[in-house]
1. Within 11 Å, Cβ to Cβ, of residue 263, how many net charges do the neighbouring residues add up to if Lys/Arg are +1 and Asp/Glu are -1?
2. Which lysines, if any, have their Cα less than 19 Å from the Cα of residue 309, not counting same-chain residues under 8 positions apart?
3. Kindly put 9, 287 in sequence by how many other C-beta atoms sit within 10 Å of each C-beta, fewest to most.
4. Farthest toward the dipole's positive end in the stretch 64-284, which of 260, 140, 159, given Cβ charges of +1 (Lys, Arg) and -1 (Asp, Glu) about the Cα centre?
5. What dipole magnitude, in Debye to the nearest 20, does the stretch 289-390 give about its Cα centre under +1 on Lys/Arg Cβ and -1 on Asp/Glu Cβ?
6. What is the stretch 289-390 by shape, rounded, prolate or oblate, if you read a ≥ b ≥ c off the alpha carbon gyration tensor as root eigenvalues and call it rounded for a/c under 1.5, prolate for a/b larger than b/c, and oblate otherwise?
7. Helix-only estimate, please: 222 nm mean residue ellipticity of the chain, summing -39500 (n - 2.57) across DSSP H runs of length 4 or more and dividing by its residues, to the nearest 500.
8. What is the fewest-to-most order of 277, 384, 237 by other Cβ atoms lying within 10 Å of their Cβ?
Amino acid sequence: MNAVSPKVRLRQEFQKELHGYYQMHGEKNGSPIEGTIYPPDIKEGNEASLQDRVDKLSDFLSQKDGITYRQTPEFGKGRIQDRAEVAAAASGWVEASGQAALETATSMIGDPAIQAMVREGLKKADPQFYEAASSKSGFFHPADEINKGGLALHTARVVHMGEHLGEFFGLNEREKDIMRAGLILHDSVKGGDPWKGYANDHGELAGQMILGLEGPEDAKQGAAQIANNHMALWRQTPDRTPNPAVPDNKMDMIASLADYLAARDNIYLDVPGADKTVPPTIKPEDRMQPQVYTGTTRDPSNAFPRGIKVNMEKESIDVTFNGKTYTGTINDPEIKDALVSYGDFQSEDENDQSMAGVEVKANFWLLTGAGGGKVFLKKGEKETSYFVRPFKG
């Protein structure tokens, strides 16, 4: 039986991810928009043309050097351990190279005035822009971006993906410079203003910042538009109200696709300026410390205890109440409504069936050591929730 070549496997991955982006064949990508999403240059309902676009773009990208496919296990099947190992192995070079990769990306801008505008924007960025990880949960994006400097690396990767897409869609040199400027600064206010960790409207905030820079007016307007709309299908207001915007022009289309494809957890892009010879600074176990929380319910009943303690062991969870501990495992590899689902709870006492049929769901960010969140217990029609905080003991 012949093995699938890396290029063919990469092509298949790009096809899968593009089907997800466009919500083809009934797929959903997390956007509140229903149905197939058509780019601005393909007439709505022309699925044959959209499939042809997917096939040709997948062929094109899979032949590019410096793009690697690496399968990430599903939740409950070693995903967390695998990501911890990848992140640890890359910890040294990511921290050392993120800012250097951004400098290299900026130097690619041909117009000196646009390049100076971008450098001004990077100077205005909060120091956390250069230190933060790329994903607020650490569960998504390529696993090496979990590290300090991961957001800067993600940004450089988005710019590099934008280079490939700019070639595919035939951008002229001016458009390429404006695309580079917008993508370099698209996440520069990701933590908000002031930086607090994550802002739902970070695209709009970056757009506002860009408009205040010194530079050519067309470049400012174009780069601000790119930053403002890069979340496109997943955009939210500060209060988390959905505010999606399907890209309706070529520049927004390329920016949205570049950000989306560069953030796929199975696709790794090499970027100019990164030095992968820098040795690791952490070990996998540094990323795998269990998170322990305690909390109570406001709606106690005979079906559930008033207080619980949870020990989140990444792939499994320990729930302790009434002096007894029960261990369950992830029973759904998909995170739904920001919750991780656990089931099949077992006790050290084989005769103890207190957790039989009980399902536990927990806010997924509790796995990363968040300062608080919710844990839900459900059995049949009965359900209650606990607000939990880190255990101090």
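1. Numbers: positive: 157, 264; negative: 17, 145, 187, 259, 265.
That sum, taken over residues with Cβ under 11 Å, equals -3.
2. In chain and number order, the partners are 324, 361, 374, 378, 379, 392.
3. Working: 9 16, 287 22.
Final ranking by Cβ density, sparse to dense: 9, 287.
4. Final value for the positive-end residue is 140.
5. Magnitude of the dipole: close to 560 debye.
6. rounded
7. Numbers: 10 runs with 146 residues, N = 393.
It lands at -12000 deg cm²/dmol.
8. Ordered from fewest to most neighbouring Cβ atoms within 10 Å, 277, 384, 237 come out as 277, 237, 384.
Values quoted throughout were computed directly from the atomic coordinates according to the rules given, and no laboratory measurement underlies them. Keep in mind that this is a model prediction, so the values were computed, not measured. Glycine also receives a Cβ, built like all others from the backbone with ideal geometry; neighbour counts cover every protein chain displayed.
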